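Every number here is computed from the coordinates shown, using simple stated rules; none is lab data. Just so it is clear, the model here is predicted, and its values are computed rather than measured. No Cβ is skipped: glycine too gets one built from the backbone with ideal geometry, and neighbour counts run over all protein chains shown.
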Amino acid sequence: MYSYQDKKLFLQTLHPAAVLAHTGVMFFLSLTCSHPVFLLLLYIILLLEVKLVDGLPAYKNCVLFSIIMLVMIILINPLFGRLGSTVLWSGPVLPVTGRIVFTLEAVLYGINMGMRLLVVITVFFLYNRMMNPDRAFSFLARYAPGSVMLITLATRLVPYLAVQFKNIKEVQQTRGVEFDCPGITGKIKSYYPLLKVLLLSSLENAFNIAEAIQSRGYGSGPRSYYTREKFRPRDVIVLAASGGALLGGMVLMAGGGAEFQFYPQLGPLFAAPGQPVVMIMIGVFLMLPAFLNWGWQYWPYLKWRI
């Protein structure tokens, strides 16, 4: 469910630089801004864009894991963070942690941190649905070819080992090897020869990859490209909107509007002057790809122009 699926959607046609800028700005804002209203705004925008890339069915399973983490944060934070003046419930005294005290401020702080985690997970999910990994690696290889080559080989290693492990195990089972031995010692003895074969197969595959890379002249000169990414007006608009959202986030942080006071008492929802206006402006900038997606679908002239 986390693999990229090319469905020729508008957000999937953006230049890799535009996708990286858009999702990178949202990731940066989710880490640097902790205001609950702003995090909720980011999450609504992310949900809309996940819907635009037809990712809601797969996102449901991701949300289940996130909700579990959210509940854990809400329950654990009041146990160890006893700050706050509004006591909701006072429990017994434990030997190590002391008296259990649930305060309103601690509970709301835990909910806010869980919301931030949910936003961060959704940003990565959206990036995974928008960006083809091959396009991303090809784009980044222009600037850091060695690092991209290392990342490509590393990401390929895990699925390759999984497939090889399955194939080797099936071959051994056809030869009568039993892997369902009782006890841990029996399982280790039965799987040990399989791991040796897997290691030898991996080393042989490494030599084959090295020979293929050398035969294609890797590192002997400037890299050639089979395809080139086109930079369209839509990409310029998304890049400019991402820059505007980043600038708005910096203004929000400079004015103290990116934070919310939880301790010792809950502060006012909007304490900094002009705070709601800046948040709305950031939201409009981040919503611009969704607006372009609507025009791309229902306005043929705009689709032709961008």
- May I ask for the net charge around Val50, where only other residues with Cβ less than 15 Å from the Cβ of Val50 are counted and Lys, Arg are +1 while Asp, Glu are -1? +2
- Please list the helices of the chain that count as membrane-span-like by this rule: a mean Kyte-Doolittle hydropathy of at least 0.0 together with Cα atoms stretching 27 Å or more along the helix axis, each helix being a complete DSSP H run. 56-80, 104-130, 145-174, 183-215, 233-254, 275-298
- Exactly which chymotrypsin sites (Phe, Trp or Tyr not before Pro) in region 218-257 are in a DSSP loop and have at most 11 other Cβ atoms within 10 Å? Tyr225, Tyr226
- Note on the structure: If amide H atoms are modeled at 1.01 Å from N in the peptide plane, then the residues at a separation of 5 or more from Leu88, or on another chain, having amide H under 5 Å from its own are Phe102, Thr103, Leu104
- Item | Computed [θ] at 222 nm, deg cm²/dmol, the chain (DSSP H ≥ 4; -39,500 (n - 2.57); rounded to nearest 500) | -23500 deg cm²/dmol
- Quick one: dipole size for region 150-215, taken about the Cα centre, charges +1 on Lys/Arg Cβ and -1 on Asp/Glu Cβ, in debye to the nearest 20. 160 debye
- Query: What dipole magnitude, in Debye to the nearest 20, does region 1-155 give about its Cα centre under +1 on Lys/Arg Cβ and -1 on Asp/Glu Cβ?
  - Reply: 40 debye
- Take the Cα atoms of region 121-161, find their three principal axes, and give me the spread along each one in whole Å, biggest first. 29, 29, 14
- Query: Considering the values (1) -0.76, -0.98, -1.09; (2) -0.84, -0.98, -1.04; (3) -0.92, -1.06, -1.12, which represents log10 I(q)/I(0) by the Debye sum over Cα atoms at q = 0.11, 0.13, 0.14 Å⁻¹ as calculated for the structure under consideration?
  - Reply: (3)
- Item | At most 16 other Cβ within 10 Å, DSSP loop - chymotrypsin sites (Phe, Trp or Tyr not before Pro), region 240-299 | Phe270
- Task: Run the dipole for the chain about the Cα centre, Lys and Arg Cβ at +1, Asp and Glu Cβ at -1, nothing else charged, and hand back the magnitude in debye, nearest 20.
- Result: 600 debye
- Item | Rg/Rg_globular for region 151-190, with Rg_globular taken as 2.2 N^0.38 Å and Rg from C-alpha atoms | 1.51
- Assign one of three labels to region 126-282, namely rounded, prolate or oblate, based on the Cα gyration tensor with a ≥ b ≥ c the square roots of its eigenvalues; rounded applies when a/c is under 1.5, prolate when it is not and a/b is larger than b/c, and oblate otherwise. oblate
- Message: If you take every residue apart from Ser190 with its C-beta less than 15 Å away from the C-beta of Ser190, what net charge results, scoring Lys and Arg +1 and Asp and Glu -1?
- Response: +2
